[in-house]
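Below is one structure, written out as structure tokens; comments come after it.
The values are calculated or read from the model by the stated rules, or taken from the named source; none is laboratory data. These numbers were taken from a predicted model, which means no experiment stands behind them. Methodologically, a virtual Cβ is constructed for each residue, glycine included, from the backbone with ideal geometry; neighbour enumeration extends over all protein chains shown. Accessible surface areas use protein heavy atoms only, side chains included; no ligands, DNA or RNA. Shrake-Rupley method; radii C 1.70, N 1.55, O 1.52, S 1.80 Å.
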Amino acid sequence: MPRLNAAAALQIALLLSAVPAQYFITRWSGATAAQRYHATTRLLRIWKQWRASYLNAAAWTDWTNQQFSKVKSLVGLGQEEEQTSPPVETMIFDNDQGFFGASKAVRSPRPPFVFLRVGEVVMERKGHMVGVVVSWDPELRAPPEWVDRMYSSSEDTKAEKTPHYKVLFSGPGPSSLMVAYLPQTQLERITGMRPDIPTLENYFTHFDGTRFVMQDWLRELFPEDENEDR
């Protein structure tokens, strides 16, 4: 007995549905030949549109890629291993404009509304990713095009005036790194956890059981972040 593949099964199903579809058109789409003709044309047009979108593998692939891109851009994440990122994304690692926590200005005195400190372990509230703070700005410092993309709604615009933190996260690979620039409202301090994140040794000397201890060059930029008072 011959075996049916998916394409043949779909064709048979369409043929079997032709008579019920014809009856439906005749019963509900009008009594005259002209009315039935227009109803049939409309039904075929709807079918073609549906097949071109929902049954098209390429369309599903494009949709999936778009959704994945939205998720990545939601928190402004960039992967260090990717070399084809747009310049505005690569700026999140380092830049000369002082964007994304890269300013070499000393953060002193420390504003009382900056709740998190360099070296603290934090969790991103939306994705529950655990990372480490390596820099902060008292308010958002980023290129205008990045700000427009990340904070388009009026509600998100309020976040522009809140402290922003540069945070390192582990990437999908064993040695990959993800860097995010996030508002204070999306982060919370956690204790009792030492995340294993690549390149932390570039910023810190060791983990003291509660937080990571800054190297001298980083302590010069954030001289008050190791103070015990909270």
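Structure notes:
- Cβ-Cβ distances below 7 Å connect the following pairs, each with a first residue in segment 104-125 that is in a strand (DSSP E or B), a second residue that is open to solvent by 60 Å² or more (accessible area, probe 1.4 Å), and a separation of six or more residues or different chains: Val121/Met193; Val122/Glu188; Val122/Arg189; Met123/Glu188.
- Within segment 154-202, being among the small types (Gly, Ala, Ser), without any contact (Cβ under 8 Å) to a residue 60 or more places away in the chain and over 16 Å from Arg141 (Cα atoms) holds for Ser154, Ser170, Ser175, Gly192.
- Any hit, segment 140-148, residues being among the β-branched types (Val, Ile, Thr) and surrounded by 19 or more Cβ atoms within 10 Å (Cβ to Cβ): no
- Considering only residues in segment 162-194 that are part of a strand (DSSP E or B) and over 19 Å from Pro111 (Cβ atoms), the one that is most open to solvent (accessible area, probe 1.4 Å) turns out to be Ser170.
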